[in-house]
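Contents: one structure, followed by commentary.
The values are calculated or read from the model by the stated rules, or taken from the named source; none is laboratory data. It should be emphasised that the depicted structure is a prediction, and the values quoted were computed from it without experimental measurement. Because the Cβ atoms are built from the backbone with ideal geometry, glycine has one as well, and the counts that use them run over all protein chains shown. Side chains included, ligands, DNA and RNA excluded: accessible areas come from the protein's heavy atoms. Shrake-Rupley method; radii C 1.70, N 1.55, O 1.52, S 1.80 Å.
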Amino acid sequence: MAKSDVAKERFFNLPVIVLISLSFMLGMSEFIVVGILPDIAAGLKVSEVTVGNLVSLFAFVYAPVTPLGSALSARFPRFATHLTLVGVFLIGNVLCAFASNYGVLVVARILIALVSGTLVAIAMTYAPDVTTEQYRTKFIAWVFSGFSIASVVGVPVGTWVANTFGWRWTFHLVNVLTVVLIVLMVMVLPRNSRIVKIGFLPQFRLFFDRRIQLGVLDVVCGAAASYVFYTYLTPIMRDEVHVPEQYLSVGLVIFGAACLWSNLYGGKLADRGRGVEPLTHIRPIYCAHAVLMASLIVAHWVPVYGALLLVVLGMFMYLQNSASQVLYMDVASQSHPGSLNLAASLNSMSFNIGIAIGSAVGGVVNGHFGLMWLGPVGALFLVCAIAITTMLRPFVAQERKFYADI
């Protein structure tokens, strides 16, 4: 057995660890603004609301650019493209560290958003080269989990660095870790490529596949449901659940740990079949999620229930991720093999559209009706997700026949 094959038999080999670490760095860079928002505002002499706009700007750029960048990247050698985009990511974070004013910071965050989604998509395409088929969904789950680990570990550490040494040092930390990561990428990642032989625009025929359309809508609804309330998680903990101010950070870490579990367990759920089938198995989970989300209104009167419920909602938050990624990749492999890079980007794109919709709806609901109604409104999005997974079920039989014949 070749040395590379022996390494692939172990799931946590060096290439897999490097790709998970890259997701961690992308997540830390994306989320850290929330943790150090007041420090940036004070340092650049702008309002906290102005700095907060960087979060929505990031998602606004990230969502549409990710599929375009992923489709374009498929036409070039994978490793060289991957390394180049990580270099752009590093430049963006260096600009953040040395930003002399808010305008420079805006440019830097746009630069990072332009490449982040494509970097995740390219990382997904390494699966057959760095691990075995039996670990495919585990690999997908762990790459997604890099973002959850960033929210649990990276953001608190970055916030501590900002409070101790200044907010610029948080970005310096990201930059040092990124340089180390680039060195490791050069050392361990495979150089082979599968350059697509179809044009840029023909790759987007993938979007005409009914399974892809329903899969994208499902993720949008699932993400929107969670972000209706997650956007206002801190105010909910403070005003509805009555968590003391000094324990809010502890609450956020506990919620982040629940989200990490959600990503990892989502990988196990994605093992239940191929193609659309794993996502159809999420339907009863959406039903339970909808009931629990609607019951968040009870937190206003029973804070103890609200505290426990928030942890459970965190455990539901990302259960669909790996199953939807399997749908996109398998459907592309079956029917649109030239669109694999594009397919790998769809989860990131869909989730960020859901974030934008959910946070916007949450803002309207909170402004007009109050925090207590965020849960019931989020549950309505989950009802939509239930309907969409039901519409996917007729495709299961034909896909089982397809995989039985190959």
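Of these, Thr170, Thr164, which one is within 27 Å of Leu248 (Cβ to Cβ), in a helix (DSSP H, G or I), among the polar types (S, T, N, Q) and without any contact (Cβ under 8 Å) to a residue 24 or more places away in the chain?
Answer to the selection: Thr164.
Of these, Phe139, Phe207, which one is free of Cβ contacts under 8 Å to residues at least 60 places away in the same chain and either buried (at least 21 other Cβ atoms within 10 Å of the Cβ) or within 30 Å of Ala332 (Cα to Cα) (or both)?
Sole residue among the options that is free of Cβ contacts under 8 Å to residues at least 60 places away in the same chain and either buried (at least 21 other Cβ atoms within 10 Å of the Cβ) or within 30 Å of Ala332 (Cα to Cα) (or both): Phe207.
What number of residues within the stretch 384-395 satisfy the criterion of being touching a residue at least 40 places away in the same chain (Cβ under 8 Å) and open to solvent by 80 Å² or more (accessible area, probe 1.4 Å)?
Going through the stretch 384-395 one residue at a time, the tally reaches 2.
Identify all residues within the stretch 143-191 that are aromatic (Phe, Trp, Tyr) and open to solvent by 30 Å² or more (accessible area, probe 1.4 Å); write none if there are none.
So in the stretch 143-191, the residues aromatic (Phe, Trp, Tyr) come out as 144, 147, 160, 165, 167, 169, 171.
Phe147, Trp160, Phe165, Trp169, listed by residue number.
Out of Ile198, Ile236, Ile212, I need the residue that is over 25 Å from the mean Cα position of the chain (by Cα) and either assigned to a loop (DSSP other than H, G, I, E, B) or crowded, with 18+ Cβ neighbours inside 10 Å (or both). Which one?
Result: Ile198 is the single residue among Ile198, Ile236, Ile212 that is over 25 Å from the mean Cα position of the chain (by Cα) and either assigned to a loop (DSSP other than H, G, I, E, B) or crowded, with 18+ Cβ neighbours inside 10 Å (or both).
Quick one: count up the residues across the stretch 307-334 that are polar (S, T, N, Q) and free of Cβ contacts under 8 Å to residues at least 12 places away in the same chain.
Summing the residues that are polar (S, T, N, Q) and free of Cβ contacts under 8 Å to residues at least 12 places away in the same chain in the stretch 307-334 gives 1.
May I ask you to list the residues in the stretch 266-306 that are at positive phi and open to solvent by 20 Å² or more (accessible area, probe 1.4 Å)?
Of everything in the stretch 266-306, just one residue is at positive phi and open to solvent by 20 Å² or more (accessible area, probe 1.4 Å), namely Gly273.
Just to be sure before I move on: is Thr84 at pLDDT 90 or above, buried (at least 23 other Cβ atoms within 10 Å of the Cβ) and of a type in the set (Val, Ile, Thr) in the structure I sent?
No, not satisfied.
Give me a count of the residues in the stretch 318-331 that are part of a loop (DSSP other than H, G, I, E, B) and open to solvent by 20 Å² or more (accessible area, probe 1.4 Å).
Total satisfying the criteria: 1.
Looking only at the stretch 45-87, which residues are outside any helix (DSSP H, G or I) and aromatic (Phe, Trp, Tyr)?
Phe76 - this is the single residue of the stretch 45-87 that is outside any helix (DSSP H, G or I) and aromatic (Phe, Trp, Tyr).
Please enumerate the residues belonging to the stretch 271-306 that are out of contact with any Leu (no Cβ under 6 Å at 6 or more places or on another chain), in contact (Cβ under 8 Å) with a residue 60 or more places away in the chain, among the aliphatic types (A, V, I, L, M) and not in a helix (DSSP H, G or I).
The answer is Ile282, and nothing else.
So which residues in the stretch 229-261 are farther than 21 Å from Ile297 by Cα, without any contact (Cβ under 8 Å) to a residue 60 or more places away in the chain and among the hydroxyl-bearing types (Ser, Thr, Tyr), if there are any at all?
Listed by number, the list holds a single entry, Tyr247.
Could you list all residues from the stretch 332-348 that are of a type in the set (A, V, I, L, M), buried (at least 24 other Cβ atoms within 10 Å of the Cβ), at pLDDT 90 or above and out of contact with any Phe, Trp or Tyr (no Cβ under 6 Å at 6 or more places or on another chain)?
As a first pass, look at the stretch 332-348 and keep what is of a type in the set (A, V, I, L, M): 332, 340, 342-344, 346.
Pick out the ones that are also buried (at least 24 other Cβ atoms within 10 Å of the Cβ) and you get 342-344, 346.
The next check asks that each one be at pLDDT 90 or above; those that pass are 342-343, 346.
Leu342, the sole residue that qualifies.
Select from the stretch 237-273 the residues that are in contact with a helix residue (DSSP H, G or I) (Cβ under 9 Å, 6 or more places away or on another chain), closer than 23 Å to Tyr305 by Cβ and polar (S, T, N, Q) and list them in ascending order.
Answer for the stretch 237-273, where residues must be in contact with a helix residue (DSSP H, G or I) (Cβ under 9 Å, 6 or more places away or on another chain), closer than 23 Å to Tyr305 by Cβ and polar (S, T, N, Q): Ser249, Ser262.
Can you tell me which residue in the stretch 357-380 is modelled with the lowest pLDDT, limited to those that are within 26 Å of Ala121 (Cα to Cα) and open to solvent by less than 50 Å² (accessible area, probe 1.4 Å)?
The selected residue is Ser359.
Across the stretch 4-27, which residue is surrounded by the fewest Cβ atoms within 10 Å (Cβ to Cβ) among those that are at pLDDT below 90 and among the aliphatic types (A, V, I, L, M)?
Val6
For Arg78, indicate whether it is on the phi < 0 side of the Ramachandran plot, of a type in the set (Lys, Arg) and either more than 18 Å from the chain's Cα centre (by Cα) or open to solvent by 40 Å² or more (accessible area, probe 1.4 Å) (or both).
yes
Any residue at all in the stretch 93-108 that's under 26 Å from Ser350 (Cα atoms) and either open to solvent by 20 Å² or more (accessible area, probe 1.4 Å) or in a loop (DSSP other than H, G, I, E, B) (or both)?
Scanning the stretch 93-108, I find at least one residue that is under 26 Å from Ser350 (Cα atoms) and either open to solvent by 20 Å² or more (accessible area, probe 1.4 Å) or in a loop (DSSP other than H, G, I, E, B) (or both), so the answer is yes.
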